[in-house]
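Enquirer: Pasting a structure below so you can have a look.
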Amino acid sequence: MARTLVVVGAGPGRGMGVARAFGRRGFRVGLVARTKDRLDTQVAELAGLGITAAAFPADLRDRDALAAALAQATETLGPPDVLDYGPGPSGPVTHAAQTTAASATAQFGLYVLGAVTAVGQVLPDMLARGSGTLLVTTGPAATTPAPADANVGLAMAALHHYARSLHPELTPHGIHVSAVTLTTPPTTPAEADTLGDRYVSLHETRAPAETTLTPTGTVSAH
């Protein structure tokens with residue numbers, strides 16, 4: 001039976017590495033991000049590899065638009081078996097002393113409220129099936145203070161906590177959640193593909209609940 005991956009925050013690096021890795025294993029792939037032209041290019045690349053893919057443009061900060069995009073992805077490709085949530089920073093990045101309520105709220109909307117919206121959209125189908133995987137990616141600022149990226153770090157820390165909180169609650173229902181800390185983005189397609197294979201492993205082995213990855217391998221698991 002065909003399976004579906006949806007990548008929310010589908011960039012040309014990590015996101016496409018994950019998409020190619022799952023697509024090569026027979027998954028249909030939905031890509032969600034803000035820029036339609038870029039998504040169309042990525043869908044064409046996947047199609048050239050023989051991977052069934054479709055684009056669903058949405059601004060992740062627009063919760064209604066994101067929910068609608070995910071509903072359309074489900075209608076087009078089928079309910080997601082795997083949700084990958086890992087947007088890159090967008091908007092002003094502020095130092096700790098210069099962080100304002102507005103700059104913190106902007107990143108919180110992207111990382112946390114976007115993730116809560118996405119999970120809320122796909123979770124009912126996963127619970128009904130008794131299976132599914134949620135892969136949630138942040139950067140090092142989620143666990144290590146980074147004064148130059150303070151507002152992003154605040155949001156990433158909250159997203160990391162959300163993923164770690166979901167894991168014990170959803171595991172008894174057959175749903176695996178992995179909180180991934182990516183030390184640095186991949187810089188080449190080869191690195192992105194290696195990283196994508198690590199994400200497939202997280203889905204297939206359903207472990208660990210928390211891991212730190214580089215583009216070339218696992219640093220640590222908890």
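Enquirer: For GLY132, list long-range residues whose amide hydrogen, built 1.01 Å from N in the peptide plane, is under 5 Å from its own amide hydrogen.
Expert: Here HIS176 satisfy the definition.
Enquirer: With point charges of +1 on the Cβ of Lys and Arg and -1 on the Cβ of Asp and Glu, referenced to the Cα centre of the chain, which listed residue (GLY26, GLN42, PRO186) lies farthest in the positive direction of the dipole?
Expert: It is GLY26.
Enquirer: Anyone know which of LEU49, LEU110, LEU83 comes out most mobile in the 10 Å Cα GNM of the chain?
Expert: With Cα springs under 10 Å in the chain, the top fluctuation among LEU49, LEU110, LEU83 is at LEU49.
Enquirer: Taking only C-alpha pairs under 8 Å that are 6+ residues apart, what is the relative contact order of region 37-178 in percent?
Expert: Relative CO of region 37-178 lands at 25 percent.
Enquirer: Let me ask you something else. Be a star and scan region 13-38 for residues whose amide nitrogen sits under 15 Å from the point 7 Å along the Cα-to-Cβ vector of ASP197.
Expert: Label zone hits: 17-25.
Enquirer: What relative contact order, as a whole-number percentage, does region 126-222 give when Cα pairs under 8 Å and 6 or more residues apart are counted?
Expert: 28
Enquirer: Rounded, prolate or oblate: pick one for region 12-157, where a ≥ b ≥ c are the square roots of the eigenvalues of its C-alpha gyration tensor, a/c under 1.5 means rounded, and failing that, prolate if a/b is larger than b/c, else oblate.
Expert: prolate
Enquirer: Going by Cα centres, region 64-139 and region 171-212 are how many Å apart?
Expert: So the two Cα centres are separated by 16 Å.
Enquirer: Here's something else I'd like to know. Go ahead and set up a Gaussian network model of the chain, Cα springs under 10 Å, then flag whichever of GLY132, GLY109, GLY196 fluctuates most.
Expert: GLY109
Enquirer: Another question, then. Each residue of region 76-83 in turn: what ³J(HN,Hα) in whole Hz from Karplus with 6.51, -1.76, 1.60 and θ = phi - 60°, glycine and Pro shown as x?
Expert: Computed from phi, the couplings for region 76-83 are 7, 10, x, x, x, 7, 9, 10 Hz.
Enquirer: Hey, got a sec? Which chymotrypsin sites (Phe, Trp or Tyr not before Pro) in region 76-117 land in a DSSP loop and have at most 16 other Cβ atoms within 10 Å?
Expert: Counting only loop positions with at most 16 other Cβ atoms within 10 Å, none of the chymotrypsin sites (Phe, Trp or Tyr not before Pro) in region 76-117 qualifies.
Enquirer: Along region 54-61, what does the Karplus equation 6.51 cos²θ - 1.76 cosθ + 1.60 (θ = phi - 60°) give for ³J(HN,Hα), rounded to whole Hz, x for Gly and Pro?
Expert: Along region 54-61, the couplings run 8, 9, 9, x, 6, 7, 5, 7 Hz.
Enquirer: Sticking with this one: Gaussian network model of the chain, Cα springs within a sub-10 Å range: biggest mean-square fluctuation belongs to which of GLY120, GLY26, GLY17?
Expert: GLY120
Enquirer: Would you kindly derive the ³J(HN,Hα) couplings of region 138-154 from the backbone phi angles with the Karplus curve 6.51 cos²θ - 1.76 cosθ + 1.60 (θ = phi - 60°), listing them in order in whole Hz, with x for Gly and Pro?
Expert: So the Karplus estimates, Gly and Pro as x, are 10, x, x, 5, 5, 10, 10, x, 10, x, 6, 10, 4, 5, 5, x, 4 Hz.
Enquirer: For region 5-85, what's the relative contact order in percent, using C-alpha pairs closer than 8 Å and at least 6 residues apart?
Expert: Reported as a whole number, the value is 35 percent.
Enquirer: Contour minus end-to-end for ALA101 and LEU127, with contour as 0.36 nm per residue of separation and end-to-end as the Cα-Cα distance?
Expert: 5.8 nm
Enquirer: Quick one: if the Förster radius is 22 Å, what FRET efficiency do ASP37 and ALA190 give, using the C-beta to C-beta distance and rounding to 0.05?
Expert: Once rounded, the FRET efficiency stands at 0.30.
Enquirer: Rounded to the nearest percent, how much of the accessible area of region 110-211 (1.4 Å probe, protein heavy atoms only) is carbon and sulfur?
Expert: Carbon and sulfur: 62 percent of the exposed surface of region 110-211.
Enquirer: Next up: Measuring with a 1.4 Å probe in the full set of protein chains, what accessible area per residue, in whole Å², belongs to the chain?
Expert: Here the residues of the chain average 42 Å² of exposed surface.
Enquirer: Answer rounded, prolate or oblate for region 1-87, using the Cα gyration tensor with square roots of eigenvalues a ≥ b ≥ c: rounded when a/c is under 1.5, else prolate when a/b is larger than b/c, else oblate.
Expert: Judged from the Cα gyration tensor, region 1-87 comes out oblate (a/c at least 1.5, b/c at or above a/b).
Enquirer: Turning to a different aspect of this structure: Using the beta-carbon distance between THR214 and VAL116 and R0 = 25 Å, what value does 1/(1 + (r/R0)^6) give for FRET efficiency, to the nearest 0.05?
Expert: My answer for the efficiency is 0.35.
Enquirer: Enter the angle in degrees (range 0 to 90, nearest 10) between the Cα long axis of helix 36-48 and the first principal axis of the Cα atoms of the chain, meaning the one along which they spread out most.
Expert: For 36-48 against the chain, the angle is about 40 degrees.
The values are calculated or read from the model by the stated rules, or taken from the named source; none is laboratory data. None of the values given here were measured: they were computed from a predicted structure. Note that we place each Cβ from the backbone using ideal geometry, even for glycine, and neighbour counts take in every protein chain shown. These accessible areas exclude ligands, DNA and RNA; they are computed on the full protein's heavy atoms, side chains included. Shrake-Rupley method; radii C 1.70, N 1.55, O 1.52, S 1.80 Å.
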